[in-house]
Structure formats: C-alpha cells, structure tokens
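As structure tokens, the structure follows; a few thoughts come after it.
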Amino acid sequence: MGMSDQERSVGELKHRVADFCSARDWDQFHGPKSVAAGLVTEAAELLAELRFATDEQEIAAVQDPARRERLADELADVFFFLLRFAQRFDFDLSECLDAKLAKNAERYSVAKSRGRNAKYDEL
C-alpha cells in the first residue's frame with residue numbers, strides 16, 4: 001500500500017498528479033472548465049453510491065469492505081481532479097482552505113452556529 005496522509009504533503013500529491021498527466025500529454029485536455037466538470041462528475045458518482053440510503057445504510061456502506069472500496073475509488077477520483085485543478089492553475093490548497101476557514105469563522109460564529117446546520121444568512 002502507499003503512504004498515508006500523515007506521510008505526504010499536498011505538494012507531493014500535486015506533483016504525482018502532474019507527472020501522471022504529463023506522461024499522457026493531457027494538459028491539452030485539462031482546461032479549467034474540463035477539470036471542474038471532471039470534479040463535479042466524480043463527486044456525483046460518490047453521491048450515487050449513497051443515494052436513497054437511510055442514515056443507517058450510509059454508515060453500513062462506509063463499513064462494508066466492498067462498498068468502502070467503491071467509495072474509496074470515487075474519493076480518489078474527486079481528489080485527483082481537485083489536485084489537478086490546483087496544480088494546473090496554481091492554486092495553493094492550504095492557502096485556499098485557510099482563507100475560507102477564516103471567512104467561515106466570521107459567518108458561522110460558534111455562538112450562533114453550534115449544533116445548527118443553518119446557512120450563515122439564516123443564523
């Protein structure tokens with residue numbers, strides 16, 4: 001098996017994706033819209049694995065080895081396209097996440113949002 005999340009950096013993963021795509025001469029096919037479409041398509045395939053499931057069935061799905069493997073494949077596909085977009089168009093994912101968490105910390109204060117799933121403009 002490969003290395004774990006704790007053993008790899010996002011930069012290393014972006015490099016692996018870049019190498020994979022470069023070896024196949026795929027930059028020509030990976031414009032912003034195409035990569036974003038791939039991300040959405042793969043996210044929909046992940047959702048399809050859980051569609052119409054009850055809460056109990058969803059939990060069972062992530063614990064069942066065969067279903068878990070399918071979910072892992074779909075997660076990998078989503079992650080691939082996310083990394084590819086960031087790598088191809090020079091987004092620093094750590095910076096993106098930090099900036100968004102800062103925005104959301106203002107939108108979703110602990111006092112207003114703890115234990116609630118309402119959107120920030122409904123709090």
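FYI, it's all coordinate maths here, none of it is from the lab. Bear in mind that the values here come from a model prediction, so they are computed numbers and not experimental data. No Cβ is skipped: glycine too gets one built from the backbone with ideal geometry, and neighbour counts run over all protein chains shown.
Points to keep in mind about this one:
- Shape of the chain, Cα gyration tensor, a/c cut at 1.5: oblate
- Rounded to the nearest 500, the helix-only mean residue ellipticity at 222 nm of the chain stands at -21500 deg cm²/dmol, with each DSSP H run of n ≥ 4 adding -39,500 (n - 2.57).
- Helices that extend 18 Å or more along their long axis by alpha-carbon positions and average at least 0.5 on the Kyte-Doolittle scale are, among the DSSP H runs of the chain, 32-48.
- Positive dipole terminus of the stretch 5-123, leading residue within ALA72, VAL40, VAL110 (C-beta point charges): VAL110
- Between the stretch 1-67 and the stretch 82-123, the Cα center-to-center distance that results, in Å: 20
- Cα→Cβ-extended label distance, 7 Å offset, between GLU56 and VAL110, nm: 3.6
- Sites matching chymotrypsin sites (Phe, Trp or Tyr not before Pro) across the stretch 4-76 that sit in DSSP coil, with at most 16 neighbouring C-beta atoms within 10 Å: TRP26, PHE52
- Which of LEU101, LEU123, LEU50, positive extreme of dipole for the chain (C-beta unit charges): LEU123
- Evaluated with a Cβ-only charge set (Lys, Arg +1; Asp, Glu -1), the stretch 1-45 carries a dipole of roughly 120 debye about its Cα centre, given to the nearest 20.
- Max mean-square fluctuation residue, GNM over the chain, Cα-Cα springs under 10 Å, options VAL17, VAL78, VAL62: VAL62
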